[in-house]
1. Considering only C-alpha atoms, what is the centroid distance from segment 93-129 to segment 179-230, in Å?
2. Just the ratio, please: alpha-carbon radius of gyration of segment 269-466 over 2.2 N^0.38 Å, N its number of residues.
3. For q = 0.11, 0.17 Å⁻¹, what log10 I(q)/I(0) does segment 200-316 give under the Debye formula with an equal point scatterer on each alpha carbon and no solvent?
4. Could you sort out which of 71/92; 108/189; 317/367 sit more than 24 Å apart by Cα distance in this structure?
5. Distance in nm between label sites at residue 276 and residue 13, each 7 Å beyond Cα in the beta-carbon direction?
6. Taking the Cα atoms only, what angle lies between the long axis of helix 279-291 and the longest principal axis of the chain, rounded to 10 degrees?
7. Given a Förster radius of 41 Å and the C-beta distance between residue 309 and residue 129 as r, what FRET efficiency does 1/(1 + (r/R0)^6) yield to the nearest 0.05?
8. Which whole-Hz ³J(HN,Hα) couplings does segment 377-384 yield from phi under the Karplus relation 6.51 cos²θ - 1.76 cosθ + 1.60, θ = phi - 60°, glycine and proline marked x?
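Taken together, the values in this text are just the output of simple stated rules run on the coordinates, not laboratory data. Since the structure is predicted, the reported quantities are computational estimates derived from the model, not experimental observations. Cβ: placed from backbone, ideal geometry, glycine included. Neighbour counts: every protein chain shown.
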Amino acid sequence: MANHASLPYSVSHPVTFRGDYIAGEFHPPSDPTGEWTVVSPAAAKDTIARVTYSFSEIDRAVQSSRDAFKKWRDLPQSARNDCLKRYQAALKNREAQLVETISRETGKPLWEAKLEFAVILNKVDITINESLPLIKDIEIADVMPGTHGTSRYRPHGVMIVVGPFNFPGHLPNGHIVPALLTGNTVIFKPSEKTPMTGQLLAEAIHEADFPTGVFTLLQGDRELSRRLCIHEGVAGILFTGSYEVGTRIKQDTLQQHWKLLALEMGGKNPAIVWEDADLEFASYDLLTAAFLTAGQRCTSTSRVLIHHSLADRFVEKVHQAAKKLKIGHPYEDAFMGPVIDHQTVDRFQKFQPIATREGFEIIMRGKSLDLHGGHYVTPSIAFMKGGTADQARKSVFQQTELFSPMMAIQTIDSVEGAVELANATQYGLAASVYSSSRKIFDACYRDLEFGIVNWNRSTVGSSSKLPFGGTKKSGNHRPTALTSVFYCAYPVATHEVSQPSFPKQIFPGLSWS
């Protein structure tokens, strides 16, 4: 195991754990249920924090959030906007600390953590300027004879945000900001793998001087998250993470059908490369799409369906480039850092022989790397000539989101066959089509069963000014980003008569004197 001297940077001191943030104050749990140590996946010697949590804090957190709801809801929109703008400024004040903490907790390269911070910062402006206008009030004069009609949006109440580890600032922030701007109060439960990024978001809220109880931070494990989600005082759950965890949330709340669930649950994302595609560009674009963030993006391109005439050259280009990728510590200016934990390493290695048994040839075998005691692996590339949609539907390898750097390549002969093969996955988040022909793209777009369908652009890197969500196992038709306001608020219609008058004609069979 590496010692401190072998690291590419001086090991940062542990982050001070401040506890939960409830009713406008940080405090460690007075009656801890448990604790854990957060260690960077990039370096075994880099201990980030020691975290304690308590189930006994849940009731107090929910009550504080409920107490704050009506006053926050009733504030003018401009006042809520001002609070969120102060939050944005407070985030900017913590840029260096947030970037470093994201990088240490996730293992992603420092340059990539900076990109994540930029997206976090932009979310407030995009929500105010682009999203809120989507839920503007509607008024219709004489919607019925003598009746004025309106539709106005209301917040739900206390919203739980359950965050993932791979984008520990951006993805929960993508729920938190629209939920707060539309008048909900929020309880944020970060991933136990990235709790200190969550703490920094809470510190920014505190500096922004929000009304007491509007935002709450609860640290904890999976069981704390479950207890929080099923609490009777909770109105909705906003979740980004795996299909398995999202399914458990739905199962746990099955008897609470009134709760709003917005579930974003990953993908097994294909790219179709047609015979007229720019091969040089497609090879570069898909190499990065498959291996950015060590394949730990819900939009990572894990399946490439390429015309047989281009396959050999594509495989050669991607293989040669993948062998040269710089893999290393976040501070080493590497392209790819570690995966999040040793379980992910084990799963990654286990699935390579599974791919072989299901008809793939392993062109590049992903291996563990002994770097700084972290969880580093090399990319993996698997290849199959042909293959049917029926085979794909029965394939464990092709149906499982691995969340690791593995690209599966298959050859295709027709557009119809490519679309059928792309749709054979149980997921439906993102797909790409590479072709010089708009006609080819339109034909694919029409039939691809995905929430995002791109043309000559990979499946990664979505704009927050557009909806973000998927079909099938990828989500429950609650896309986030631009359209997040639609699940953060609901329309209430009114039929208004300011000066009622007795009807000129009463209903048949009714006697009224």
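1. Their Cα centres are 17 Å away from one another.
2. Values: Rg = 15.9 Å, N = 198, 2.2 N^0.38 = 16.4 Å.
Ratio of Cα Rg to 2.2 N^0.38 Å: 0.97.
3. -0.62, -0.91
4. Values: 71/92 27 Å; 108/189 21 Å; 317/367 20 Å.
Those over the limit are 71/92.
5. Taking the two extended label points, one gets 6.3 nm.
6. It works out to around 70 degrees.
7. Details: r = 46 Å, r/R0 = 1.12.
My answer for the efficiency is 0.35.
8. 9, 8, x, 10, 10, 10, 9, 9
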